[in-house]
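What follows is a short report on a single structure.
No value in this document is a laboratory result; all are computed from the given coordinates. Worth saying up front: this structure is predicted, and the values here are computed from it rather than measured. Here the Cβ is made from the backbone with ideal geometry for all residues, glycine too, and neighbour counts use every protein chain on show.
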Amino acid sequence: MTQNNIVKFAEPGAFEDPLTEVLRCGARKLLADAIEAEVSDFLDRHSRFLTEEGQQRLVRHGHLPEREIMTGIGPVGVRAPRVRDRVGQGEARIRFSSAILPPYARRSKSLEVLIPILYLKGISTGDFEEALAALLGKDAGGLSASTVARLKDAWVDEHVRWSKRDLTAKRYVYFWVDGIYVQARLEDDAQCLLVIVGATPEGKKEFVALADGVRESTQSWKEMLLDLRRRGLTIGPELAVADGALGFWKALEEVWPKTRGQRCWVHKTANVLNKLPKSQQAKAKRALEEIWMAETKKDALVAFDAFVEIYAIKYEKAVECLTKDRETLLAFYDFPAEHWKHLRTSNPIESTFATVRHRTIRSKGCLSNKTAIAMVFKLAQAAEKHWRRLDGKSQLPKVVLGVKFTDGIEVAKEQVQTAA
């Protein structure tokens, strides 16, 4: 009876993981099936095109050579199908292009998000290949130092183009505005990232502006808003949601004076509670929630006055913090009720940049300002793809047209004329 005590050691940078191999095989099959379904659908949609002999004009024509796509589970091999046009020549030729596997694609979108994360974490260009090999396996090719450097330059250029894009055809119903503190390298006199997210009349949330500046500086915000206006955004939003401490409000009055303001209840609640002893904070928080969760503005004002009456004598600073923004805290009642949960807070920005903030770190000496902003831009752009549309999107065109709402309900024309 013999025993085999020989143990095979893995090569440096390599690892054996049966589960990963199973996942790769499954991913390879799923990708192949998805592309085959895509090309079949393409041929079905063009089946009416025939040659003079009555044959199908478009037919399958084998596959392109296999190429590897780098993904979060390592390289996955795939062969893209080809389609031949029997008749068309030059520009008249009908071509098949896969949306799942674009021409020349070498890496998945998730991997492209990983690269700016590693870069912001301080991984130098020369160390990328080693870092990615540890994450994806020794076959993680196509991501050399020069490749990463080219990607970095491309992202900087992409951010510059995005910052100069034409906004003439754009219209935003709502703005969410905030100054976000991150640890990515900024200019010496800049304290944070100035961010604006807008809601289109179709209910889609989009990044409108992203630049570094000073949170409380009216000048920084004014420069941003004027730049938006110069690039074609001549009509301001109907409502802007932001923290009351921003220099944004004064800048907004100068650039788009007709835009109404809504103070963020999350910021306001935190500011009020900070001026109260811990023993009072839980009760005060519930009292504040009764204000902004009230069904009507009248009920909200009753709850507002009750809070003032309870805390005014002992906690004057907390009450003053709340009452100074009384009107702008309740502005959302003049807009559709379906939008209230979106308008009471600047959470669309906070939730997105919470992730970005945790993924960034100040890198001494290896990140320029432009590179750092471009990396944050790429992370934010990836997050934007997963944003939900606004509830009650059918109400947005009415807001644009100036339809009046009271306590979230549309006011009939007869009521408006009677009130006039």
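Based on C-alpha pairs under 8 angstrom that are at least 6 apart in sequence, segment 247-304 has a relative contact order of 20 percent. Neighbour counting of Cβ atoms within 10 Å sorts the residues H61, H159, H267, fewest neighbours leading, into H61, H267, H159. Each residue of segment 251-266 is assigned a 3J(HN,Hα), and the resulting list reads 5, 4, 4, 7, 8, 10, x, 7, 6, 7, x, 10, 6, 6, 6, 5 Hz, derived from the Karplus form 6.51 cos²θ - 1.76 cosθ + 1.60 (θ = phi - 60°), x at Gly and Pro.
Across segment 380-397, coupling constants 3J(HN,Hα) worked out from phi with the 6.51/-1.76/1.60 Karplus curve, θ = phi - 60°, read 5, 5, 5, 5, 4, 5, 9, 5, 7, 5, 5, 5, x, 5, 5, 7, 4, x Hz, and Gly and Pro carry x. Remark on T406: its backbone amide H falls under 5 Å from those of V411, a criterion applied only to residues 5 or more positions apart or on other chains, H modelled at 1.01 Å from N. Sequentially through segment 215-228, phi angles give Karplus couplings (6.51, -1.76, 1.60; θ = phi - 60°) of 3, 8, 7, 4, 4, 4, 5, 5, 4, 5, 5, 5, 5, 4 Hz, Gly and Pro residues having no value and appearing as x.
Given a cut-off of 29 Å, name the pairs among K152/K393; K283/K385; K164/K204 whose C-alpha atoms lie farther apart than that in the structure shown. Present the calculation step by step, with values, prior to reporting the outcome.
Details: K152/K393 37 Å; K283/K385 39 Å; K164/K204 21 Å.
The pairs that break the limit, which is 29 Å between Cα atoms, are K152/K393; K283/K385.
For C264, the residues whose modelled amide H falls within less than 5 Å of its own, excluding neighbours fewer than 5 places apart on the same chain, are A242, D243, G244. Taking amide hydrogens as placed 1.01 Å from N in the peptide plane, the amide H of R82 sits under 5 Å from those of H61, G62, H63, L64, each at least 5 positions away in sequence or on another chain.
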